[in-house]
Amino acid sequence: MAGILGRQPEWALVDAVHARCAGNPFFAEELTAARDATSLPSVLRNVILLRIDQLSTDARAVVSIAAVAGQKVDHRLLSAVADLDDAALAAALAETVERGVLVVDDGRFAFRHALQREAITETLLPTDRARLHHRLATALTVSPDPE
C-alpha cells in the first residue's frame, strides 16, 4: 500500500482495504489505488466478472439472485425466486460451487469473496435489481425464513 500511496497508509485505510480484500494482494492494490472511488475500480470489477461471465445462463441468473439476496441465501429462497425447475437449479448451483463463485457456508450459499457479490450487484441494471428485490421480498412474505 505504501508503494501505491507514496507514503505509509493510515491505519483506517489499512483496516478498510483489508476488510474488503480479505487478504487478496491484487484486490488490496486495486482498492488502494481507487480508495476515493464510490464503486469498484473497473479493472478489478472486470477481473472478477471474467469468472462470472464463463457461467451458464442459469448459473448467472442464480448468482444475480444471490447477490441481491445478501451475504448468505438458502436453497429454499433461491428456488422460490429462480425461474428454474429443481434439476436446473441444482445444476446451476453445482456449477457455481465448482467454478468457485459460491460456497456452501453453514447450509447456505455465500459468495467465495464478498467483492464478487459487489461486482455482480454493480452490473445489474436498477430495474433488474428492483425486480429481484421485489421477488425476494414476495418469497420471504409467503414463506418467512425459518431462522
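The values are calculated or read from the model by the stated rules, or taken from the named source; none is laboratory data. Remember, it's a predicted structure, so these values are computed and weren't measured experimentally. All Cβ positions, even for glycine, are placed from backbone atoms using ideal geometry, and neighbour counts span all protein chains on display. For the accessible areas, the whole protein counts, side chains as well, though only heavy atoms, and no ligand, DNA or RNA atoms are used. Shrake-Rupley method; radii C 1.70, N 1.55, O 1.52, S 1.80 Å.
Here the condition is being closer than 30 Å to ALA12 by Cα, open to solvent by 20 Å² or more (accessible area, probe 1.4 Å), among the charged types (D, E, K, R) and assigned to a helix (DSSP H, G or I); of GLU95, GLU30, it holds for GLU30 alone.
Looking only at segment 33-46, filter to residues that are free of Cβ contacts under 8 Å to residues at least 60 places away in the same chain, farther than 18 Å from ALA2 by Cβ and assigned to a loop (DSSP other than H, G, I, E, B); which one of those is most open to solvent (accessible area, probe 1.4 Å)? Explain how you work it out, then say what you get.
Taking segment 33-46 and keeping what is free of Cβ contacts under 8 Å to residues at least 60 places away in the same chain, we get 33-38, 41-43, 46.
Pick out the ones that are also farther than 18 Å from ALA2 by Cβ and you get 37-38, 41-43, 46.
Okay, now just the ones that are also assigned to a loop (DSSP other than H, G, I, E, B), so 37-38, 41.
Details: ALA37: 56, THR38: 147, PRO41: 19 Å².
For segment 33-46, the residue satisfying everything is THR38.
Condition check ((1) under 20 Å from LEU136 (Cβ atoms); (2) open to solvent by 80 Å² or more (accessible area, probe 1.4 Å)) across all residues:
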site: TRP11; (1), (2): no, yes
site: GLY23; (1), (2): no, no
site: ILE48; (1), (2): no, no
site: SER64; (1), (2): yes, no
site: ALA69; (1), (2): yes, no
site: ASP74; (1), (2): yes, no
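Quick check: is even one residue across segment 109-125 at pLDDT below 90, at negative phi, in contact with a Ser or Thr (Cβ under 8 Å, 6 or more places away or on another chain) and charged (D, E, K, R)? Looking through segment 109-125, none of the residues is at pLDDT below 90, at negative phi, in contact with a Ser or Thr (Cβ under 8 Å, 6 or more places away or on another chain) and charged (D, E, K, R). Scanning segment 115-146 for residues that are among the hydrophobic types (A, V, I, L, M, F, W, C) and either closer than 13 Å to ASN46 by Cα or in contact with a Cys (Cβ under 9 Å, 6 or more places away or on another chain) (or both) yields LEU115, ALA119, ILE120.
Looking only at residues in segment 65-92 that are in a loop (DSSP other than H, G, I, E, B) and acidic (Asp, Glu), the one that is farthest from THR121 (Cα to Cα) is ASP85.
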